[in-house]
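The structure under discussion appears below in the form of structure tokens.
The values are calculated or read from the model by the stated rules, or taken from the named source; none is laboratory data. Please read these numbers as outputs of a predicted model, since none were measured by experiment. Backbone-built Cβ (ideal geometry, glycine too); neighbour counts: all protein chains shown. Accessible surface areas use protein heavy atoms only, side chains included; no ligands, DNA or RNA. Shrake-Rupley method; radii C 1.70, N 1.55, O 1.52, S 1.80 Å.
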Amino acid sequence: MAAQINPSILSADFARLADEAQAVEGADWLHVDVMDNHFVPNLTLGVPVVESLARATDTPLDCHLMIEAPDRWAPQYVEAGASSVTFHVEAAAAPVRLAREIRAKGARASMGLKPATPIEPYEDLLPELDMLLIMTVEPGFGGQAFLDIMLPKIRRTRELISKHGLELWLQVDGGVSEATIERCAEAGADVFVAGSAVYGASDPAAAVRALRTQAEGAIAQASWACDH
Ligand code: DX5
Ligand code: ZN
């Protein structure tokens, strides 16, 4: 099974976003962190920047909405050009309706879980989703240390995906680097967000390639992927 590597532009130079998108040629998606200073204590960018970025790159945009009221705002990110939109379940009033609306508008629907949010209450919602995002740091900032205590949740989520026979991608976000990506892949992740590990490298495109090689090696060895 192929691993997908999604560089997070949170660690890029915001004054040169088009160039920074170019710098990670070969990445599967560009991860765009939208923060509203309410859901998380940080402020980044919104719909107009996503619109411009979508015009500036051929790499599909994976928008991670760390915002209040995603029911109201998420559809606008699809219209702005995002190919995948992640809302946080902690903020969504009606996650099923919202996932259906994102899909109906033509994007992949994804639901994010903060570290303290368990997956089990959402088992019945999984068929409504194209991806689940498991935060492996508290959302809000790049460059934080990976939370190893999230590995059991990744493992349990992968078991639920297998149990239901779903084609659901499992994304990890936060502290993913050459030191941690294999643990994530072994536990069940197949989509990897990396901010500082990519944009902090002297050659970001080479960092993407190195992370992909490591993740694919770990997935090939992983018990959860043995039937793929
Ligand atoms: C954090 C964001 C992440 C962040 C990851 O709240 O959701 O996408 O950019 O950055 P690193 O990879 O540096 O932990
Ligand atoms: Zn993110």
Those residues of the stretch 11-32 which are more than 21 Å from GLY112 (Cα to Cα), assigned to a loop (DSSP other than H, G, I, E, B) and either open to solvent by 20 Å² or more (accessible area, probe 1.4 Å) or charged (D, E, K, R) (or both) amount to ASP13, ALA23, GLU25, GLY26
Which one of GLU101, GLU182, GLU159, GLU178 is open to solvent by 60 Å² or more (accessible area, probe 1.4 Å), closer than 24 Å to ALA201 by Cβ and outside any loop (DSSP other than H, G, I, E, B)?
GLU182
Residue identified as more than 21 Å from VAL172 (Cβ to Cβ) and away from ligand 1 (no atom under 16 Å from the Cβ) among ALA69, ALA21, ALA99, ALA109:
ALA69
Would you confirm, using the coordinates I've provided, whether ARG209 is away from ligand 2 (no atom under 12 Å from the Cβ), over 14 Å from the mean Cα position of the chain (by Cα) and of a type in the set (D, E, K, R)?
yes
Looking at ILE149, ILE161, ILE181, which is the one that is touching a residue at least 12 places away in the same chain (Cβ under 8 Å), within 12 Å of ligand 1 (Cβ to nearest atom) and β-branched (Val, Ile, Thr)?
ILE181
Within the stretch 74-133, restricting attention to residues that are in contact (Cβ under 8 Å) with a residue 40 or more places away in the chain and among the polar types (S, T, N, Q), which residue is nearest to ARG156 (Cα to Cα)?
SER110
Can you work out which of the residues in the stretch 24-41 that are among the aliphatic types (A, V, I, L, M) and within 10 Å of ligand 1 (Cβ to nearest atom) is farthest from the chain's Cα centre (by Cα)?
VAL40
Output the residue which, of all residues in the stretch 133-171 that are under 17 Å from SER110 (Cβ atoms), out of contact with any Gly (no Cβ under 9 Å at 6 or more places or on another chain) and of a type outside the set (Lys, Arg), is farthest from ligand 2 (Cβ to nearest atom).
HIS164
Select from the stretch 163-173 the residues that are open to solvent by 10 Å² or more (accessible area, probe 1.4 Å) and either touching a Leu at 6+ places or on another chain (Cβ under 6 Å) or not in a helix (DSSP H, G or I) (or both) and list them in ascending order.
HIS164, GLY165, LEU166, GLU167, TRP169, ASP173
In the stretch 54-89, residues that are surrounded by 19 or more Cβ atoms within 10 Å (Cβ to Cβ) and in contact with a Pro (Cβ under 6 Å, 6 or more places away or on another chain) total 3
In the stretch 3-20, the residues that are over 27 Å from GLN221 (Cα atoms) and away from ligand 2 (no atom under 16 Å from the Cβ)
ASP13, ALA15, ARG16, ALA18, ASP19
